[in-house]
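Below is one structure, written out as structure tokens; the observations come after it.
The values are calculated or read from the model by the stated rules, or taken from the named source; none is laboratory data. Predicted model only: the values in this text are computed from it and were never measured. When we count neighbours, we look across all protein chains shown, and the Cβ atoms used for this are built from the backbone with ideal geometry, even at glycine. Surface accessibility is based on the protein's heavy atoms, side chains included, excluding ligands, DNA and RNA. Shrake-Rupley method; radii C 1.70, N 1.55, O 1.52, S 1.80 Å.
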Amino acid sequence: MSIDQINRSDLDIIFRAEEILMETDKAIRSLKAILAQYKFLDWSDEIYFFKNTKPQFVALYIYYSKVLSIEAARPYADATALKSYYENERAGLLYFYNEQKDFISYYRRKSTYLDKKYFVRFKFDFKLKLSPELYSYDEEFSTSHDHIVSQILANDLLEHYLIQKINAEESVEKSIAQIKNLEWTAPKVALIELLYSLHQTKCFNGGHADLAEIFRWAENALNINLGNYHKTLGEIRLRKTDRTKFLHLLQQNFEQYLDNLDI
């Protein structure tokens, strides 16, 4: 399954990231196996592979690893706290940019005069700034700086992701501040049943909203903690009769209301 197909699925971001990581790992392993049987035509061929081709694969793995880590650790909190959480994650990117600013400048300016030292295997120049993890790399599949290119690409993607999250939380915060507080007084399981149904019917953002985003919106809007809603869904599935009893109750009550209007 392709990354686009996974991202279009109904899974929330955590499960999508896990699926994409497995697919990306397979692709990287296949790329490594192909390289083991391939002989570069010349040093420019090798430079192109390690400067352009391999980083595209590894960058996706790094990016979705970070997204998974961020979203799995995301607190159940209001919009203000979540905005702060994503801002702190974004600030953490500055350390990498400061640490690698010289090479980042070299790469973004599309310079080539050091490519033979950066992107050819077995050509480590100890006068250059090297990664402390260099000796853990596979020498047949790595150069001194191809992994840093992967990190640059991954962090660019992550910065865009975090900016979207920060802006989304700002919008939620403003909209909540403009309305009176409403309290959900029916059972939590009823709200979870309703939210899953709305998500499956693609009622939010043209069907592109994540399940986690929908639940976070409901928690913020109604000031409620829905807990482990995945577990609750499992309990709903185990109901022996009338698994969607809240939806049936809604239908019955609305039909009764319409009947009363007809009288």
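For Val172, the criteria (1) at pLDDT 85 or above; (2) of a type in the set (Val, Ile, Thr); (3) not in a loop (DSSP other than H, G, I, E, B) hold in every case but one, which is (1). Selection of first residues in segment 96-115 that are in contact (Cβ under 8 Å) with a residue 24 or more places away in the chain and of second residues that are part of a loop (DSSP other than H, G, I, E, B) and open to solvent by less than 100 Å² (accessible area, probe 1.4 Å), restricted to Cβ pairs under 7 Å at least 6 apart or on distinct chains, gives the following pairs, ordered by first then second residue: Phe103/His145.
Once segment 183-220 is narrowed to residues that are free of Cβ contacts under 8 Å to residues at least 24 places away in the same chain and surrounded by 18 or more Cβ atoms within 10 Å (Cβ to Cβ), the residue that is farthest from Ser9 (Cα to Cα) is Phe215.
The set of residues in segment 36-65 that are among the aliphatic types (A, V, I, L, M) and buried (at least 17 other Cβ atoms within 10 Å of the Cβ) comprises Ile47, Val58, Ala59, Leu60, Ile62. Comparison of Asn253, Asn260, Asn228, Asn223 shows that the only residue that is within 19 Å of Ile13 (Cβ to Cβ) and of a type in the set (S, T, N, Q) is Asn228.
Of the set (1) more than 23 Å from the chain's Cα centre (by Cα); (2) not in a helix (DSSP H, G or I), all apply to Ala209 but (1). Hey, does segment 148-168 have a residue that's within 20 Å of Ser84 (Cα to Cα), open to solvent by less than 60 Å² (accessible area, probe 1.4 Å) and modelled with pLDDT under 85? Yes: segment 148-168 contains one or more residues that are within 20 Å of Ser84 (Cα to Cα), open to solvent by less than 60 Å² (accessible area, probe 1.4 Å) and modelled with pLDDT under 85.
Among the residues making up segment 1-46, a single one is among the small types (Gly, Ala, Ser), under 30 Å from Ser144 (Cα atoms) and under 15 Å from the mean Cα position of the chain (by Cα): Ala17.
The set of residues in segment 79-88 that are surrounded by 17 or more Cβ atoms within 10 Å (Cβ to Cβ) and either in contact (Cβ under 8 Å) with a residue 60 or more places away in the chain or of a type in the set (Val, Ile, Thr) (or both) comprises Ala79, Leu82, Lys83, Tyr86. Note on segment 234-263: residues that are assigned to a loop (DSSP other than H, G, I, E, B), surrounded by 10 or more Cβ atoms within 10 Å (Cβ to Cβ) and of a type in the set (Lys, Arg) amount to 2.
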